Amino acid sequence: MNPKEAKREAQRVQSNRQELVERIARALPADGTLDVSTSFRLARSSSLTEPIHSIYQPSFCVVAQGRKQAMLGDEVFRYDSGHYLIYTLDLPLTFQVEEASKQRPYLGFRLNLDAALVASVMMESGIEPKKSITSLKAMDVSPMNANLLDAVVRLVRLVEHPIEGKVLAPLIIREIVFRLLADGQGTRLSHLLTAGKDTQRISKAIGLLRQNFDQSLKMDELAHELGMSVSGFHHHFKSVTAMSPLQFQKQIRLQEARRIMLGEDLDAASAGYRVGYEDPAYFSREYKKLFGAPPQRDIAKRRNNLAL
């Protein structure tokens, strides 16, 4: 790219970033979220947020303004207007807005990644994942390129034109998936596809752990069921999810306990027992380690925040 082309490209990126900020701010004049469709969501926050723990489905995330971080196990992934976040398996994540103000609120965009669509675009484009990479973490932060940003802006424009959006949004979402493939995310996106590779076995393991989070599963038996050696299963699971199978199950248990204490007004001991903890004291210690406060104090704080 010669200097003139580089300058035009930089101007195009700057113009698109500014438009994305303006359009999300217009769609969300106050703090909160807007589910534009089942596919994508917009978000706004005028202040830093408390860590939000949940299990998230595969997504592509963009920051128009501000900065955000995601935690997967002990790893921290930070992204801003110059970078995007992608994760391609159902993962227990912790998100937190870490740069925002009333003058410059955090503005974000999230697109859910559909396995059938990814498979279709992959086959039609002929872009195949590198087979040499047998183990790849399901989460990554990458620099935002001009073509990918342009597609995101065109999708957000359709928020103000819902009739056009019914026809054009699916086409632009398809383009975004293509741009991600072209940006080298093919191997990571292949986590979504149903094939006989090790990553798909790990995906199956994640499904089993989510469905049976309250059960005392023996990891050697789970590895055998998946047709993997115990050491291979543990190694590959951690390389993809950044945590061991037991750590993964623990996070799911604790997040579910938090949900039912909030939603069903259950005491800590009962919630702990419901999700598989027989020792209330051990449950309380593990809960505090993940959420920063013991169950009773954490739930009281969250209820107070919801009441404000």
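The values are calculated or read from the model by the stated rules, or taken from the named source; none is laboratory data. Just so you know, these numbers come straight off a predicted model, no measurement behind them. Positions of Cβ are backbone-derived with ideal geometry, glycine not excepted, and every protein chain shown enters the neighbour counts.
What the table shows:
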quantity: Neighbours by Cβ (under 8 Å, 6+ apart or cross-chain): first from the stretch 138-158, closer than 14 Å to A10 by Cα and in the same structural domain as E175 (by TED's automatic domain parsing); second in a strand (DSSP E or B) and of a type outside the set (S, T, Y); calculated: P143/H83; M144/V62; M144/H83; L149/V62
quantity: Near pairs, Cβ below 8 angstrom, 6+ apart or cross-chain, from the stretch 242-255 (part of a helix (DSSP H, G or I)) to any residue that is of a type in the set (S, T, N, Q); calculated: F248/T241; Q255/S54
quantity: Answer from H83, H53 - the residue that is over 18 Å from R188 (Cα atoms) and either more than 13 Å from the chain's Cα centre (by Cα) or not β-branched (V, I, T) (or both); calculated: H53
quantity: All positions within the stretch 179-200 that are part of a helix (DSSP H, G or I) and at pLDDT below 80; calculated: D198, T199, Q200
quantity: Matching residues, the stretch 197-229, being of a type in the set (S, T, Y), surrounded by fewer than 16 Cβ atoms within 10 Å (Cβ to Cβ) and closer than 26 Å to T187 by Cβ; calculated: S229
quantity: Any hit, the stretch 126-133, residues being more than 25 Å from I24 (Cα to Cα), among the β-branched types (V, I, T) and in contact with a helix residue (DSSP H, G or I) (Cβ under 7 Å, 6 or more places away or on another chain); calculated: yes
quantity: Number of the exception - D267 against (1) within 26 Å of the chain's Cα centre (by Cα); (2) loosely packed, with under 14 Cβ neighbours inside 10 Å; calculated: (1)
quantity: Test: residue in the stretch 132-154 that is among the polar types (S, T, N, Q), crowded, with 19+ Cβ neighbours inside 10 Å and under 21 Å from Q57 (Cβ atoms); calculated: no
quantity: Subset of the stretch 71-94 (residues that are crowded, with 16+ Cβ neighbours inside 10 Å, more than 25 Å from E19 (Cα to Cα) and out of contact with any Lys or Arg (no Cβ under 6 Å at 6 or more places or on another chain)); calculated: M71, L72, G73, F77, Y87, L89, D90, L91, P92, L93, T94
quantity: Test: L209 is touching an Asp or Glu at 6+ places or on another chain (Cβ under 9 Å), among the hydrophobic types (A, V, I, L, M, F, W, C) and closer than 30 Å to R303 by Cβ; calculated: no
